[in-house]
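As structure tokens, the structure follows; a few thoughts come after it.
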Amino acid sequence: MSKQITRRRFLQYGAAGGAALFLPWAGRAPVAAAAAGGQLTKYLEPVPLPGNGIVVASPSGANAYSFTQRQIARQLHPDLPPTPLWAYDDGSGLDGQAGSFGMAVVAQSGTPLEISYTHDLPDTYPDWIPVDTRLTPLGDQVRLMTHLHGGFVAGASDGNPAVTPNGFGPGETQTVFYTNEPPQMPAELLWFHDHGLGATRLNVFAGLAAAYIIRDEFDTGDEPNPIGLPGGAYEIPLVVQDRQFNPDGTFLYPTSDIAGVTWIGEYFGDTMLVNGKVWPFLEIEPRMYRFRILNGCNARILGLDIGGPGLWQIGAEGGLWDRPVQVDRLVLAPAERADVLIDFSRFAGQTLVMKNHKPPKPVSNPAPQLEQVMQIRVGTTVSQPGPTSIPASLPGRAADVVGDVVATRYITLNEIDVDEPTWFLNLNGVHFDEGPVTETPRVGTVEDWVYVNVTGDTHPMHTHLVTFQVVGRTPFDAEAYEEANEGAHGVPGGIDPTPFATGPMEPPDPSERGYKDTVKANPGQFTTIRAKFDLPTGVTAPQSYVHHCHIVEHEDNDMMRPFEIVA
Ligand SMILES: [Cu+2]
């Protein structure tokens, strides 16, 4: 029941109906299909960068920002009409935003920010955003809620549906306080995005996502800097997102062909966008660069490489590591980040392509192939030499949670009634808001959380509030575990899968060296993470948060649970 890669999922890729079975990328209107996404000419426009296509947010006061969520339209490719999209406006009017991803906040570790978000979007969803009113608290009303992904903040500032299930309506303002408190919020790349209950997939798809870059005295963003990393124009944030388009330029989000259902199991695009432009190119100099990559896709797990040059990963979600690690490929699930150094000095005059490959097993993701990501044009002259070697060490951290583990919680990942009108996913065999909160760590204690995946796919599990150490993954007989323990809606939480292990725990991947906020829970394995459940200075228990799958279709229906930090 829970392990099928279904026929219906295949039909949903790129087509509104089954007629396009053999032309899965044809789009909604076959006559004008040539104008829609997957066949657009690649590498015509430059990738937007901070200050040049991405707006670096201007404060509205001392350590304060005031955003308005509103609709704009941008041409994401020369052959597409302007695409309506939803954006965070810092008050600039967003003239500087070139594509569908266009905002970055630059913060300092140790300096808190007060930020407000005012809803200036339509009252109800437009036609191009197919809401499923079974999943939303207030029907087709546009209810917004911004979450700082990776933020170490009070529950009321987190932007989560355990605190604010109805979100914020038109004209309403969400005001938050982001602590930027170290060591939980060191120099790192976070992002803020919408988290509206039952509509996260749609609000993020429509454009409500932005970068949040934290600096400190070492990782200044300038060049030179005390740690010998590329900076300034040689540090490049890259947000990768897949999308589909209608011929009129609107983003296409397919709907289900199950009676009474609009929601689909995963959204996959036939067109790749980087920093909000379709298949762009990046012009660089033949020298060392720092790429800071975020998988901003709804559901696609990326396997990225750029051909010749080696990749040295220096950090992930929770900031810089203690030393660089060489990796061949960046396997990033939605919301995962990679901070990498790449030396292009031996590639002068060459044209490279960032490609996306099917992620290797045991990672499993039903995305259809979408190989091309971005072209990289390496010039022949260097205007500023910058660092010429990979630093031997860095002022960051390898993940190492100190303290006794006071509790181990077994959290099951289930998928129920695939292809039926009642199809949903869940944690612990229950809906998001069903029954009492079961994950209740005591403030300041260390716990192990074990994500026990009995589905057929990888789920990127994201915890709010805390970053964690990946302890390891243990292969197990998921089918036998499920059969022995199955309840009405999958396996309930709290059941130790260790008796069903088929081998020893495998250590984390080298790319999981540091603290993480999102972990790939693969099929056939149970994945153990360890976190210390501290609260920010001055914030007292109880505080409410959520943890969930970051395939946002899964999160919306209903692979998410509240958790509470208790006294
Ligand atoms: Cu999932």
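Nothing in this text is a laboratory measurement; each read-out follows from the coordinates by a stated rule. This structure is a prediction, so every number in the text was calculated from the model and none was measured. All Cβ positions, even for glycine, are placed from backbone atoms using ideal geometry, and neighbour counts span all protein chains on display.
Straight-line reach from residue 361: which lysines fall under 28 Å, measuring Cα to Cα and dropping same-chain residues less than 8 apart?
3, 516, 520
What does the extension gain come out to for residue 79 and residue 388, with contour length at 0.36 nm per residue minus their alpha carbon separation? Display every interim value, and only then the final one.
Numbers: separation 309, 0.36 × 309 = 111.24 nm, distance 3.99 nm.
Working it through step by step, the gained length comes to 107.3 nm.
I need the calculated FRET efficiency for the pair residue 540 and residue 262, taking r as the beta carbon distance and R₀ as 51 Å, to the nearest 0.05.
Plugging the Cβ-Cβ distance into 1/(1 + (r/R0)^6) gives 0.80.
How large is ³J(HN,Hα) for each residue in the range 103-120, as worked out from phi by the Karplus curve 6.51 cos²θ - 1.76 cosθ + 1.60 (θ = phi - 60°), to whole Hz, x for Gly and Pro?
Going residue by residue, I get 9, 9, 9, 10, 10, 10, 4, x, 10, x, 10, 9, 10, 10, 10, 10, 6, 10 Hz, with x marking Gly and Pro.
Evaluate E = 1/(1 + (r/R0)^6) for residue 380 and residue 70, where r is the Cβ-Cβ distance and R0 equals 45 Å; express this FRET efficiency to the nearest 0.05.
About 0.60, to the nearest 0.05.
What's the extension gain from residue 133 to residue 405 if we count 0.36 nm per residue and subtract their Cα-Cα distance?
In short, 93.8 nm is gained.
How are the alpha carbon pair distances in the range 156-252 distributed across 5 Å bins from zero to the largest one, expressed in percent?
3, 10, 15, 18, 15, 15, 12, 9, 5, 1
In the chain, what is the volume of the convex hull around the alpha carbon atoms, normalised per residue and reported in Å³?
138
May I ask you to list the aspartates and glutamates whose Cα is less than 13 Å away from that of residue 532, ignoring any residue fewer than eight positions away on the same chain?
Here the aspartates and glutamates satisfying the reach criterion relative to residue 532 are 400, 404, 447, 448, 517.
If you average the alpha carbon positions of the range 515-529 and of the range 286-320, how far apart do those two centres end up, in angstrom?
19
Order these by the 10 Å Cβ neighbour count, fewest first: 214, 227. Spell out each step's value before the answer.
Details: 214 23, 227 20.
Listing 214, 227 from fewest to most nearby Cβ atoms yields 227, 214.
State, to one decimal in nm², a quarter of the convex hull surface area for the C-alpha atoms of the range 27-183, i.e. the direction-averaged projected area. Provide the component values of the computation, followed by the final result.
On the way: hull surface 45.1 nm².
The Cα convex hull of the range 27-183, projected and averaged over all directions, gives 11.3 nm².
Starting from 0 in steps of 10 Å, tell me what percent of the Cα-Cα pairs of the range 492-567 lands in each bin.
Taking every Cα pair in the range 492-567, the percentages come to 12, 38, 38, 12, 1.
Within 10 Å of each candidate Cβ there may be at most 13 other Cβ atoms; applying that plus a DSSP loop requirement, which GluC sites (Glu not before Pro) in the range 459-493 survive?
For GluC sites (Glu not before Pro) across the range 459-493 that sit outside H, G, I, E and B with at most 13 neighbouring Cβ atoms in 10 Å, the list is empty.
Within a Cβ distance under 15 Å of residue 95, other residues only, what is the Lys/Arg minus Asp/Glu net charge?
0
Between residue 348 and residue 140, what is the label-point separation in nm under the 7 Å Cα-to-beta-carbon projection?
It works out to 6.1 nm between the two label points.
Can you return the lysines within cross-link range of residue 277? Criterion is Cα-Cα under 23 Å, with same-chain partners fewer than 8 residues away left out.
42, 355, 358
Suppose R0 equals 25 Å; then what is the FRET efficiency for residue 56 and residue 175 from their Cβ-Cβ distance, rounded to the nearest 0.05?
Once rounded, the FRET efficiency stands at 0.70.
Roughly speaking, what is the centre-to-centre gap between the range 143-208 and the range 336-364 when only Cα atoms are used, to the nearest Å?
Answer, in whole Å: 30.
For residue 374, which sequence-distant residues (separation of 5 or more, or a different chain) have an amide H within less than 5 Å of its own amide H, given hydrogens modelled in the peptide plane?
354
Among 266, 188, which comes first, then next, by fewest other beta-carbon atoms within 10 Å?
Going from sparsest to densest Cβ surroundings: 266, 188.
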